[in-house]
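Note sheet for the following structure.
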Amino acid sequence: MNQVRVRFAPSPTGFLHIGGVRTALFNWLFARQQQGVFILRIEDTDQSRSTDESIQAIIDGMNWVGLDWGEGPFRQTERMDLYRSHAMKLFETGHAYWCVCKAEALEARRKEAEAKGLSPRYDGRCRNLGITDPPGDAALRFKAPQEGQTVIDDLIKGKIVFDNTVLDDVIILRSNGYPTYNFSVVVDDALMGITHVVRGDDHLTNTPRQIPIFEALGFAVPRFGHLPMILGADKTRLSKRHGATSIMAYKDMGYLPDAMVNYLVRLGWSHGDQELFSRQELINKFSWDHVQKSAAVFNPDKLLWMNAEYIKTSPPRQVAQALVPFLEQAGLKKEIVAVSDEWLAQLVVLVKERAKTLVEMVDWVRPYFGQTVTFDEEAVKKFLTPAIVPVLSKLGTRFQNFSVFSKAEWENSFKQLVVEENMKMGQLAQPVRVALTGRTASPGLFEVMEVLGRDRTLFRLQKGLERASMG
RNA sequence: GUCCCCAUCGUCUAGCCUGGCCUAGGACAUUGCCCUUUCAAGGCAGUAACACGGGUUCAAAUCCCGUUGGGGACACCA
């Protein structure tokens, strides 16, 4: 068996779509598993829609989710000679012919056919003209087979049969000399030695158009696999109106790349009841047999849950590192410089059970930077009242007597005071919480103190006391 | 319109190929309870699906046919 060679071939006409990422992911997984090669190819033959920024967006997106390629990125616009020479080869061997129909005329005829309820196909009127000396604006068409069948043994959908009578003669070279998709894709897949063409479902009906071109050119026909589409909640193709579709938008919303990958792979693929997979597990367990045949609805709720899982279980230092840009963006640049990586990781541990995204985490983590705290006025009004001043003061004095912070000792001391004062835990805990964090909701009090450290805990307790005295 | 693909809880899916173990399993979401210093997290429990109609068979979610529904393709876009 030859080495597996697969590719991801996006067209650079915008941001990198999550559907594209999923297609790339399946290819990448298969290549890794089979110790094959994953190739990145940019299909930019549409001059009017392709942009360099989009190419960069694809590369950035792929890098972010960690899908690396062994060859490429290739750009089709750098391979024009290849398409032209192969097109001419088809012409010379009688597999292609010049068409002098004007684009507008074609369009008109198509509309007419549609109006009559006929198939809007090219009628083949130039097929037998035998033009050998074409005018400058002629296009080259491929002579599609008109009888027989084209059979695909799809990796995902199984055997699919197309009658060749549904085929028409596609243009392979435009009048401007540029190849069309259905042609350049065949030349590239053949020349790059692609063994498995795995792409979106929307390409399924392109496949019987492409197979005869492989054959006419004398190339081996690769295996094909067609991945089902991703739909929005209303079961139509996923688009902007369903929410964010750009992979980088999810980065900006505070999703972890591993969570994204895990969610996307489970959208259409399964391994029994398992939901969470490490990358290595994915590589080991991936199989075309368990790729779903039907389209899947993108479920942001489940993605969010999965992100929360990854925030909870990823190495804290790794999460902390991913969090830094978000903190900087939130105006905490100076604060971060003043703080160690270890402490930041500790902070992540403190709040990781509460934040489902890095964006939420920024908010959870904010109170632990700086000397003082920003009070939530509602919280102050409710808990930092003059009535609490005496107990708070006693607590401060007791804590003061400890020369270092010790979670167990401080907690004991706190609970003892609660008992002595004949209070309920919450009656003291909430005011202290507000004093330390400025808010009514936070992680466990003593974990908070640990992260704050002895001195800052005492300082904030004192400030809270002053605030409570004000009434 | 023509051609192609698809069809299990609201959603992602297991089971289907190799019929009986399915009283249809898991996950997200949702509801209730428990835990609890707050908010979470966690634990337990609940609601909830084989699109429909015919066959084949002792037996069908599973095999066959049809219907319906959804999606895709039919460009000098990719």
>> So, restricting to helices (runs of 4 or more DSSP H) that lie completely within the range A:273-363, which ones have at least 3 residues that are polar (S, T, N, Q)?
In response: A:316-329
> Wholly within the range A:61-147, which strands (runs of 3 or more DSSP E) include no fewer than the required count, namely at least 1 residues that are more than 12 Å from RNA strand B (Cβ to nearest atom)?
Replying inline: A:71-75, A:96-99
>> Which count do you get for residues in the range A:191-233 that are within 21 Å of the chain's Cα centre (by Cα) and among the acidic types (Asp, Glu)?
In response: 2
> Do we find a residue being within 16 Å of RNA strand B (Cβ to nearest atom), on the phi < 0 side of the Ramachandran plot and either open to solvent by 60 Å² or more (accessible area, probe 1.4 Å) or acidic (Asp, Glu) (or both) anywhere in the range A:316-336?
Replying inline: no
>> Quick check on the range A:182-203: of everything there that is over 19 Å from A:ALA220 (Cα atoms) and near RNA strand B (Cβ under 7 Å from one of its atoms), which residue is surrounded by the fewest Cβ atoms within 10 Å (Cβ to Cβ)?
In response: A:ASP202
> Hey, does the range A:292-312 have a residue that's near RNA strand B (Cβ under 7 Å from one of its atoms) and of a type in the set (Val, Ile, Thr)?
Replying inline: yes
> In the range A:126-147, which residues are farther than 20 Å from A:PRO212 by Cα and of a type in the set (A, V, I, L, M, F, W, C)?
Replying inline: A:LEU129, A:ILE131, A:ALA138
>> If a residue must be part of a helix (DSSP H, G or I) and either open to solvent by 70 Å² or more (accessible area, probe 1.4 Å) or among the small types (Gly, Ala, Ser) (or both), how many such residues does the range A:424-458 contain?
In response: 7
> Which of the residues spanning the range A:279-311 are polar (S, T, N, Q) and surrounded by fewer than 17 Cβ atoms within 10 Å (Cβ to Cβ)?
Replying inline: A:GLN280, A:ASN284, A:SER287, A:GLN292, A:SER294, A:ASN299
> Counting only residues that are open to solvent by less than 30 Å² (accessible area, probe 1.4 Å) and in contact with a Phe, Trp or Tyr (Cβ under 8 Å, 6 or more places away or on another chain), which one in the range A:45-56 is nearest to RNA strand B (Cβ to nearest atom)?
Replying inline: A:THR45
> Hey, does the range A:251-262 have a residue that's open to solvent by 10 Å² or more (accessible area, probe 1.4 Å), within 16 Å of RNA strand B (Cβ to nearest atom) and touching an Asp or Glu at 6+ places or on another chain (Cβ under 9 Å)?
Replying inline: no
> Are any of the residues in the range A:86-102 loosely packed, with under 15 Cβ neighbours inside 10 Å, among the β-branched types (Val, Ile, Thr) and in contact with a strand residue (DSSP E or B) (Cβ under 8 Å, 6 or more places away or on another chain)?
Replying inline: no
>> With over 20 Å from A:ARG439 (Cα atoms), of a type in the set (Phe, Trp, Tyr) and modelled with pLDDT of 95 or more as the only criterion, which of A:PHE326, A:PHE375, A:PHE369 stands out?
In response: A:PHE326
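The values are calculated or read from the model by the stated rules, or taken from the named source; none is laboratory data. This structure is a prediction, so every number in the text was calculated from the model and none was measured. All Cβ positions, even for glycine, are placed from backbone atoms using ideal geometry, and neighbour counts span all protein chains on display. Note: accessible area is taken over every heavy atom of the protein model, side chains too, but ligands, DNA and RNA are not part of it. Shrake-Rupley method; radii C 1.70, N 1.55, O 1.52, S 1.80 Å.
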